[in-house]
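This report refers to the structure that appears directly beneath it.
The values are calculated or read from the model by the stated rules, or taken from the named source; none is laboratory data. Fair warning: this is a prediction, and the values are worked out from it, not measured in the lab. Because the Cβ atoms are built from the backbone with ideal geometry, glycine has one as well, and the counts that use them run over all protein chains shown.
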Amino acid sequence: MREMTCLECPRGCQLMIDEGTLEVTGNSCPKGEAFARSEITNPMRVLTTTVVIRSRNEKMLPVRTQDPIPKSSMAAAMNYIKNVRVKAPVEVGDIIVSDLADTGVPLIATKRVSE
Ligand code: SF4
C-alpha cells in the first residue's frame, strides 16, 4: 500500500493505493482514483519555469506547460527550454513551444511582456 495526497483539488484527500491491484481508497471523487493510479504508473506534473527574452531589460519570461507532462520527461523538457529564446511582445497564453520534449503538450507564457 502506498499513501499519497491527491493534488487534483484543494481538498487534498489522503489516498491509499494497493500497488498490486491499483485499488484506491480515500478518494472523494473519481479524479482521486485516476490521480493515484497515474502516480503509480506514469506520474505527471505541470512544469513551471522561465525562458530567456531576447534584447529586453526584463530578461526572463515565466512559462508553464499547458497540461501536466510525465515526470520522466522533465529533464528533457528543461534541457530544451534552456536554449529557447523568446522575442517580445508576448501575451499571456501565447504558445512558446508547441510540443515540448515530444510530450504533445505546449509550453505557454504566463506573463505579458510588451515590446
Ligand atoms: S479525490 Fe476528488 S475531492 Fe479529493 S482531492 Fe482529489 S479531486 Fe479533490
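The criterion of at least 2 residues that are free of Cβ contacts under 8 Å to residues at least 24 places away in the same chain and under 30 Å from Arg2 (Cβ atoms) is met by the following strands (runs of 3 or more DSSP E) wholly inside the stretch 13-115: 14-17.
Of all residues in the stretch 9-33, those satisfying the criterion of being out of contact with any Asp or Glu (no Cβ under 8 Å at 6 or more places or on another chain) and either of a type in the set (S, T, N, Q) or surrounded by 14 or more Cβ atoms within 10 Å (Cβ to Cβ) (or both) are Cys13, Thr21, Thr25, Gly26, Ser28, Glu33.
Within the option set Arg54, Arg37, being at pLDDT 95 or above and within 29 Å of Ser98 (Cβ to Cβ) holds for one residue only, Arg37.
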